[in-house]
2 protein chains.
Amino acid sequence: MTAAMLHFEDFPTGETVTYGSYTLTREAILEFAGEYDPQPFHLDETAAETSLLGGLAASGWHACAIMMRLNCDGFLLDATSMGAPGIDEVKWLAPLRPGAVLSVRRTTLDSRASKSRPEMGLVKFLFELLADGEAVVMTQACSIMFGRRAA
Amino acid sequence: MTAAMLHFEDFPTGETVTYGSYTLTREAILEFAGEYDPQPFHLDETAAETSLLGGLAASGWHACAIMMRLNCDGFLLDATSMGAPGIDEVKWLAPLRPGAVLSVRRTTLDSRASKSRPEMGLVKFLFELLADGEAVVMTQACSIMFGRRAA
């Protein structure tokens with residue numbers, strides 16, 4: 001952990017930043033769904049048209065995986081991240097269509113030092129997955145553990 | 001939607017069932033992490049040993065994706081599932097190691113008919129991901145939409 005890396009102290013509450021660009025292809029939707037979520041509305045265009053999704057759309061877990069990649073490239077690989085104990089909430093708000101260009105808007109909701117582990121702190125984020133720079137297709141709230149500068 | 005499929009009415013509150021068998025390989029851990037969660041503790045054994053995970057372990061999102069596959073094969077592909085609006089909570093309780101054999105224990109927590117859409121209802125589940133038939137490595141609470149028999 002070098003000083004240049006992002007630490008617990010570098011995520012002020014209220015800060016909002018946007019990053020990333022990931023073009024979702026039809027092939028990637030079908031590949032992920034075929035391996036992990038083979039429900040007809042993620043695999044078959046005809047079945048998808050008559051489903052609640054109204055057309056082929058990515059698995060919600062695929063959206064989560066892509067958001068994780070955008071978060072890694074956007075800040076986690078340059079941070080003292082120690083992982084996350086879990087996820088507070090995920091909302092899938094709109095179908096994620098082939099061709100969408102995805103980015104992430106991250107807002108810091110809160111942060112607190114760990115009492116039991118003085119070398120780390122938890123930062124609570126709201127992550128919004130944006131399609132084509134505007135539509136929010138997914139939100140996710142979770143806390144991530146980071147190393148502290150003071151430690 | 002045929003009568004033989006599982007409908008909203010077929011998930012009584014309090015029911016617990018266990019299903020599935022998925023052997024997690026080191027190669028699968030590295031492949032998923034390389035694509036979606038390239039943090040060192042999911043990709044590199046030496047880095048993982050000095051991390052909180054204490055050794056190479058799968059991405060938490062990989063665990064979610066595998067659980068989704070086990071749920072598809074275990075009941076969703078034989079059900080009138082219409083997808084899910086989101087996830088209430090995910091907890092990553094223990095590192096998911098190479099070689100683990102994964103299964104799912106599903107408990108029905110609650111169910112309610114939709115007021116706005118009489119043809120469907122929501123069933124709230126607790127899903128527990130079990131490693132080697134006993135250790136709970138992840139829990140997940142979420143509601144899934146199903147077609148109703150009465151409709």
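The values are calculated or read from the model by the stated rules, or taken from the named source; none is laboratory data. If you're wondering where the values come from, they're calculated on a predicted model, not measured in any experiment. No Cβ is skipped: glycine too gets one built from the backbone with ideal geometry, and neighbour counts run over all protein chains shown. Heads up: the accessible areas ignore ligands, DNA and RNA and are worked out on the full protein's heavy atoms, side chains in. Shrake-Rupley method; radii C 1.70, N 1.55, O 1.52, S 1.80 Å.
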Out of segment A:107-121, which residues are open to solvent by 20 Å² or more (accessible area, probe 1.4 Å) and either of a type in the set (S, T, N, Q) or in contact (Cβ under 8 Å) with a residue 40 or more places away in the chain (or both)? A:Thr107, A:Leu109, A:Asp110, A:Ser111, A:Ala113, A:Ser116
Residue pairs meeting the criteria (Cβ under 8 Å; at least 6 apart or on separate chains; first at the interface with chain A (Cβ under 7 Å from one of its Cβ atoms), in segment B:69-97; second open to solvent by 60 Å² or more (accessible area, probe 1.4 Å) and part of a strand (DSSP E or B)): B:Pro85/A:Lys91; B:Gly86/A:Glu89; B:Gly86/A:Lys91; B:Ile87/A:Glu89; B:Asp88/A:Glu89; B:Asp88/B:Lys124; B:Glu89/A:Glu89
Of the conditions (1) over 23 Å from B:Lys91 (Cα atoms); (2) touching a residue at least 24 places away in the same chain (Cβ under 8 Å); (3) within 11 Å of chain B (Cβ to nearest Cβ); (4) in contact with a helix residue (DSSP H, G or I) (Cβ under 6 Å, 6 or more places away or on another chain), the single one that A:Ala28 does not satisfy is (4)
Identify all residues within segment B:7-18 that are open to solvent by less than 30 Å² (accessible area, probe 1.4 Å) and either part of a loop (DSSP other than H, G, I, E, B) or not hydrophobic (A, V, I, L, M, F, W, C) (or both); write none if there are none. B:His7, B:Phe11
Output yes when any residue across segment A:21-40 is of a type outside the set (D, E, K, R) and under 22 Å from A:Leu6 (Cβ atoms), and no when none is. yes
Of the residues in segment B:37-65, how many are part of a helix (DSSP H, G or I), open to solvent by less than 10 Å² (accessible area, probe 1.4 Å) and within 7 Å of chain A (Cβ to nearest Cβ)? 2
For segment B:19-27, state whether one or more residues are acidic (Asp, Glu) and modelled with pLDDT of 95 or more. yes
Does segment B:42-57 contain at least one residue that is under 18 Å from the mean Cα position of the chain (by Cα) and not polar (S, T, N, Q)? yes
So B:Gly34 ticks every box in (1) in contact (Cβ under 8 Å) with a residue 12 or more places away in the chain; (2) open to solvent by less than 60 Å² (accessible area, probe 1.4 Å); (3) over 17 Å from the mean Cα position of the chain (by Cα) but one. Which box is left unticked? (1)
Say whether the condition of being under 28 Å from B:Arg112 (Cβ atoms), of a type in the set (A, V, I, L, M) and free of Cβ contacts under 8 Å to residues at least 60 places away in the same chain is met by at least one residue in segment B:45-56. no
Candidate set: segment B:19-31, residues that are over 19 Å from A:Gly83 (Cα atoms) and of a type in the set (A, V, I, L, M); chosen: the one least open to solvent (accessible area, probe 1.4 Å): B:Leu24
In the set B:Gly54, B:Gly60, which member is closer than 30 Å to A:Asp78 by Cα and at pLDDT below 95? B:Gly54
If you scan segment B:85-106, which residues turn out to be under 13 Å from the mean Cα position of the chain (by Cα) and open to solvent by 30 Å² or more (accessible area, probe 1.4 Å)? B:Asp88, B:Glu89, B:Lys91, B:Trp92, B:Arg105
